[in-house]
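The values are calculated or read from the model by the stated rules, or taken from the named source; none is laboratory data. In this text the structure is predicted, and so the values were computed from the model without any measurement. Because the Cβ atoms are built from the backbone with ideal geometry, glycine has one as well, and the counts that use them run over all protein chains shown.
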Amino acid sequence: MGNNSTRGSSWSRTEEQPEPTDEPAQTDVTTFSDSDEVSTNQSGPVGPGAGAGAIAGSSSLVGQEQGEHDEEHPVNDEVPDEEFHDNESDEGEQPEKDVDEDEDDEEEDDTVTITQVVDPLSFVSFDMQPVMKRVAENYDEQVDIEFVPAPVREIPEEPPAARNGMPLDPSVWSDLPETTEMATRAWIAAMRQGCGDEYLRRTWITVFAEGIAPDQTTLRTTAEDLDLDVKQFDADMDDVDLPTGACPELPVTNVATDVPAPKTGPLRYAELRVLLATRGVAATARRSVDEFVAEHQPVATAEVREVYEHPTLEEAVAALEQAEGVSRQHIGIGTFWRRS
């Protein structure tokens, strides 16, 4: 059974701890380089799901039978209609658009949005974070990654395999709730206070690495740890509009390209690289490991391995141990890293 006790100080510990004799139990991980063969599987349409609270205006899901393997998610890439003015109109000249406003619009147009539909209890979504971190690091300000809540779904009986090596304590699986409703409500409530991404990641680590079931107490404690207004958080949990519709295989990843190409389930970095290339976006130089850790801490070893293309976890650990100011932190069964 999972550990249902109140969390201790594992999130704040930065001191060196004895390294476990074995890495946490994980499925073999394969790191894919840019030259890897890219899957060309396309997926079928899925039907609309309603947005909620702070996610209003985000891409909605389309309902699809749960058992289907290939699904498609429409791209929300609308272009505003142009306004045309008659030069001979009696209304006089139209005011010129501010030059700074034009430049801001151009900068927005240059940013490619990747929308990923996930939920706080989707281990496959958590396990895909090494790939998403690699995209964020390699493309920097050229790409904006947005996480959108999925419709409420039932938790499968068996945990999925870890493809990218993120930690999963299998004992927590029997303690998970029947559905994702409460955890999704908590995530949306955190969004309303501008802390959606942090709350989502903290919940993933708490549940899957620490093996703590996401009950009401755990979800509220996470809000306290992130310095949210807990009274408002509690009120918002009871007041959110949950996304509706059938939930496809998660995550659903959609790159805003001219040709809609949503993908369901785990993806390789090479697949996303090809989609971004259709928008004329090229990868840039990566930062040093210590800078990467400082921004995203706590960072899992598997994330560093993927971002910096280390062939093995051992090589990733060696690079982290040599990075300036970076120290190991054990959270549950996972090995994470922080920079002091």
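Would you confirm whether or not region 328-335 contains a residue that is of a type in the set (A, V, I, L, M), out of contact with any Leu (no Cβ under 7 Å at 6 or more places or on another chain) and farther than 20 Å from residue 132 by Cβ? Give the steps one after another, and end with the answer.
Applying the first criterion (of a type in the set (A, V, I, L, M)) to region 328-335 yields 331, 333.
Of the ones still in play, those that are also out of contact with any Leu (no Cβ under 7 Å at 6 or more places or on another chain) are 331, 333.
Next, from what is left, pick out any that are farther than 20 Å from residue 132 by Cβ: 333.
Yes; the residues of region 328-335 include at least one that is of a type in the set (A, V, I, L, M), out of contact with any Leu (no Cβ under 7 Å at 6 or more places or on another chain) and farther than 20 Å from residue 132 by Cβ.
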TODO: Just one of (1) among the basic types (Lys, Arg); (2) under 26 Å from residue 303 (Cβ atoms); (3) at pLDDT below 95 trips up residue 133, so point out which.
DONE: (3)
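Just to be sure before I move on: is residue 222 surrounded by fewer than 22 Cβ atoms within 10 Å (Cβ to Cβ), within 18 Å of residue 118 (Cβ to Cβ) and among the polar types (S, T, N, Q) in the structure I sent?
On the way: surrounded by fewer than 22 Cβ atoms within 10 Å (Cβ to Cβ): no; within 18 Å of residue 118 (Cβ to Cβ): yes; among the polar types (S, T, N, Q): yes.
The answer is no for residue 222.
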Open item on the list: Within region 136-187, take every residue that is in contact with a helix residue (DSSP H, G or I) (Cβ under 7 Å, 6 or more places away or on another chain) and among the small types (Gly, Ala, Ser) and give me the one that is nearest to residue 262 (Cα to Cα).
Closed with: 162
- [ ] Return only the number of the condition from (1) surrounded by fewer than 22 Cβ atoms within 10 Å (Cβ to Cβ); (2) under 20 Å from the mean Cα position of the chain (by Cα); (3) of a type outside the set (Lys, Arg) that residue 318 does not satisfy.
- [x] (2)
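When the residues of region 141-158 are narrowed to those that are touching a residue at least 60 places away in the same chain (Cβ under 8 Å) and either under 10 Å from the mean Cα position of the chain (by Cα) or under 17 Å from residue 299 (Cβ atoms) (or both), which ends up surrounded by the most Cβ atoms within 10 Å (Cβ to Cβ)?
Within region 141-158, the subset touching a residue at least 60 places away in the same chain (Cβ under 8 Å) is 142-143, 146, 148-153.
Among the residues that remain, those that are also either under 10 Å from the mean Cα position of the chain (by Cα) or under 17 Å from residue 299 (Cβ atoms) (or both) are: 146, 148.
Numbers: 146: 16, 148: 22.
Filtering region 141-158 for residues that are touching a residue at least 60 places away in the same chain (Cβ under 8 Å) and either under 10 Å from the mean Cα position of the chain (by Cα) or under 17 Å from residue 299 (Cβ atoms) (or both), the one surrounded by the most Cβ atoms within 10 Å (Cβ to Cβ) comes out as 148.
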Task: Complete set of residues in region 124-161 that are touching a strand residue (DSSP E or B) at 6+ places or on another chain (Cβ under 9 Å), more than 16 Å from residue 249 (Cβ to Cβ) and of a type in the set (S, T, N, Q) - done: 129, 142
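Residue under question is residue 222, and the condition is that it be in contact (Cβ under 8 Å) with a residue 60 or more places away in the chain and either assigned to a helix (DSSP H, G or I) or over 24 Å from residue 335 (Cα atoms) (or both); does it hold? If you could, list the steps in order and put the result at the bottom.
On the way: in contact (Cβ under 8 Å) with a residue 60 or more places away in the chain: no; either assigned to a helix (DSSP H, G or I) or over 24 Å from residue 335 (Cα atoms) (or both): yes.
No.
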Task: Qualifying residue in region 105-121 (condition: over 18 Å from residue 242 (Cβ atoms), at pLDDT below 95 and assigned to a loop (DSSP other than H, G, I, E, B)) - done: yes
- [ ] Go through (1) under 29 Å from residue 117 (Cβ atoms); (2) surrounded by fewer than 16 Cβ atoms within 10 Å (Cβ to Cβ); (3) within 21 Å of the chain's Cα centre (by Cα) and name the single condition residue 263 misses.
- [x] (2)
Open item on the list: Quick check on my filter: what residues within region 304-340 are assigned to a loop (DSSP other than H, G, I, E, B) and not acidic (Asp, Glu)?
Closed with: 308, 310, 311, 312, 323, 325, 332, 333, 340
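Can you pull out the residues in region 285-303 that are charged (D, E, K, R), surrounded by 15 or more Cβ atoms within 10 Å (Cβ to Cβ) and either at pLDDT below 95 or in a loop (DSSP other than H, G, I, E, B) (or both)? Steps first, please.
Our first condition is that a residue be charged (D, E, K, R); within region 285-303, this holds for 286-287, 290-291, 295, 303.
In the following step, the residues that additionally are surrounded by 15 or more Cβ atoms within 10 Å (Cβ to Cβ) were identified as 286, 290, 303.
Once the filter is applied, which keeps residues that are charged (D, E, K, R), surrounded by 15 or more Cβ atoms within 10 Å (Cβ to Cβ) and either at pLDDT below 95 or in a loop (DSSP other than H, G, I, E, B) (or both), region 285-303 yields only 286.
Can residue 206 be described as within 28 Å of residue 183 (Cβ to Cβ) and either small (Gly, Ala, Ser) or surrounded by fewer than 16 Cβ atoms within 10 Å (Cβ to Cβ) (or both)?
Working: within 28 Å of residue 183 (Cβ to Cβ): yes; either small (Gly, Ala, Ser) or surrounded by fewer than 16 Cβ atoms within 10 Å (Cβ to Cβ) (or both): no.
No.
Can you tell which of 282, 270 is of a type in the set (Gly, Ala, Ser), part of a loop (DSSP other than H, G, I, E, B) and surrounded by fewer than 18 Cβ atoms within 10 Å (Cβ to Cβ)? Don't jump to the end; show me each part of the working.
Working: 270 fails: part of a loop (DSSP other than H, G, I, E, B).
Checking each option against the conditions leaves just 282.
Name the residues in region 237-267 that are outside any loop (DSSP other than H, G, I, E, B) and under 17 Å from residue 125 (Cα atoms), would you?
Here is the first cut: in region 237-267, the ones outside any loop (DSSP other than H, G, I, E, B) are 237, 252-255, 263-264.
252, 253, 254, 255, 263, 264 - these are the residues of region 237-267 that are outside any loop (DSSP other than H, G, I, E, B) and under 17 Å from residue 125 (Cα atoms).
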